[in-house]
Structures are given as C-alpha cells and as structure tokens.
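A short write-up of the structure that comes next.
Every number in this text was worked out from the coordinates using simple rules, so none of it is lab data. All values derive from a computational prediction rather than experimental measurement. All Cβ positions, glycine included, derive from the backbone under ideal geometry; neighbour counts span all protein chains shown.
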C-alpha cells in the first residue's frame, strides 16, 4: 500500500497559491481516479483508490503547511505504513517553475511542511516529488511569495510541472522511482 500526501494550506483563501502545488497534484489524481477526497481521517481530507492492483491512500492534510507533520504522523500510525511508502508532494522555491525533482528520501531543507514532517515522525525516509515554484524574486519575502497566486504565464508552466509530476507519481507507485529520478532530475 502507498499513501500519497499533498502538502498545502486548507481553505479557499489558499486554494490557488504557490504553496498548494502539492494539493493541486493530489486533487488532480483524485479526479483522474474518480476518488472523492471527502473522507476525514488523520487530520486530512482522504480517499482510497486502487491503482495497478494496489491500494493507494490519498491525503490532503488540513493542519496548515507548517504543521503537516501532525497529519503525517497520525497517518503512519493509523494506516501502519512505513515512511518509505508515503510519497510526499510539495512546492519548492529552489526549483524553477515548470520543473520537478524526485527523491527517494532526504532532509527537509528549508521547507516548513517537510520540517514539520521530519520533526513529528523522526524520519527523513519519505520519497518525495517537489514541484518548482521558483525562483524567489529579488527583494521579495519567501513567506509572502509562496502564498501568492500564479500569474497567467506561470499557470501554463505549472500545468507542465503537474503533468511531469503525474508521470513521476505513477512511476513511483509502480516501483520505478529510479526511472522517475532519471527522467525528471
């Protein structure tokens, strides 16, 4: 079993902001798989689907980005899955918009959502797909920038990134994370 967790902030105020790129991909997959993300478990909106003969648990933490670890911790305990079977999807300022990166595991870096996950779970062994939202414009505060909306031209680049992230996600779920890393890193 896989769990796919998209990071973001709940509510309409944040729905189309840069920080919600992880939410955007999980919502897209839920639509594609005709899954209803209305379940409420582990402090998240949730749904379960079948993909390739395996169960996939989708989650959108409702704890706000900086407390994402509370939801992921509850998910690990409740679903009895290991960190290596929880794919985390989130935005990254250090990756240009339109690009993605795939990793098997690693540190949280400067991302507050990942910092919370590492702190609450005590693990860095989460595979992840990072969706580029950068670069941070000169003189702009990171906190303000990640909560801003995409411009019209950036929306086209985000759509490209979400297409790539979808392909990478399917490769990861099929046990081909090395292939995803080669294709997208």
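Please work out the FRET efficiency for the pair residue 105 and residue 159, using the Cβ-Cβ distance as r and a Förster radius of 30 Å; give the result to the nearest 0.05.
About 0.60, to the nearest 0.05.
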### Query
Which Rg and Dmax, in Å, describe the Cα atoms of region 10-114?
13.6, 37
### Task
Report relative contact order for the chain in percent, whole number only (criteria: Cα-Cα under 8 Å, sequence separation at least 6).
24
### Task
Would you calculate the volume per residue, in Å³, of the smallest convex hull containing every Cα atom of the chain?
104
### Task
Determine by what factor the alpha-carbon radius of gyration of region 94-185 differs from 2.2 N^0.38 Å, reporting the quotient.
1.16
### Query
How much length is gained if the chain between residue 33 and residue 179 is pulled fully straight, taking 0.36 nm per residue apart and subtracting their Cα-Cα distance, in nm to one decimal?
50.3 nm
### Message
From the helices alone, meaning DSSP H stretches of at least four residues, give me the mean residue ellipticity at 222 nm for the chain, per-run term -39500 (n - 2.57), in deg cm²/dmol to the nearest 500.
### Response
-11500 deg cm²/dmol
### Summary
Plugging the Cβ-Cβ distance of residue 115 and residue 147 into 1/(1 + (r/R0)^6) at R0 = 25 Å yields, to the nearest 0.05, a FRET efficiency of 0.90
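Suppose the chain between residue 51 and residue 16 were pulled fully straight at 0.36 nm per residue; how much longer would it get relative to their current alpha carbon spacing?
In short, 9.9 nm is gained.
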